[in-house]
Amino acid sequence: MLAELEKSAAVAPRGTDPIDAWLDPVTSERLRHAGFVMLGEVQQAARAGGRWWKGMPAVGVTKAARIAAYIDRLL
């Protein structure tokens, strides 16, 4: 019964959700520093390629790929 209640109470992430709602505070702050506000913005930038993470302090290719993969799994 509890498992069923959890399923009905859970809200699926959407691209219009703020990054703060789904990501840890450190990652959220880094993304905000780079100008991202919503999950979908990060996903779109990552899919477009290039160095979308350039404005994120302490984030390089590997961390950017992990962030993008996590957001892809969420959405």
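The values are calculated or read from the model by the stated rules, or taken from the named source; none is laboratory data. Because the structure is a prediction, the values reported are computed rather than measured. Cβ coordinates were reconstructed from backbone atoms using ideal geometry, including for glycine residues, and neighbour counts include every protein chain displayed. Accessible surface areas use protein heavy atoms only, side chains included; no ligands, DNA or RNA. Shrake-Rupley method; radii C 1.70, N 1.55, O 1.52, S 1.80 Å.
Some observations on this one:
- Residue satisfying all of: in region 4-23; open to solvent by 60 Å² or more (accessible area, probe 1.4 Å) and of a type in the set (A, V, I, L, M); modelled with the lowest pLDDT among these: L5
- Test result for V42, part of a helix (DSSP H, G or I), open to solvent by less than 30 Å² (accessible area, probe 1.4 Å) and touching a Phe, Trp or Tyr at 6+ places or on another chain (Cβ under 7 Å): yes
- Subset tally (residues that are open to solvent by less than 20 Å² (accessible area, probe 1.4 Å) and not polar (S, T, N, Q)) for region 24-35: 1
- Count - residues of region 45-64 that are open to solvent by 60 Å² or more (accessible area, probe 1.4 Å) and among the aliphatic types (A, V, I, L, M): 3
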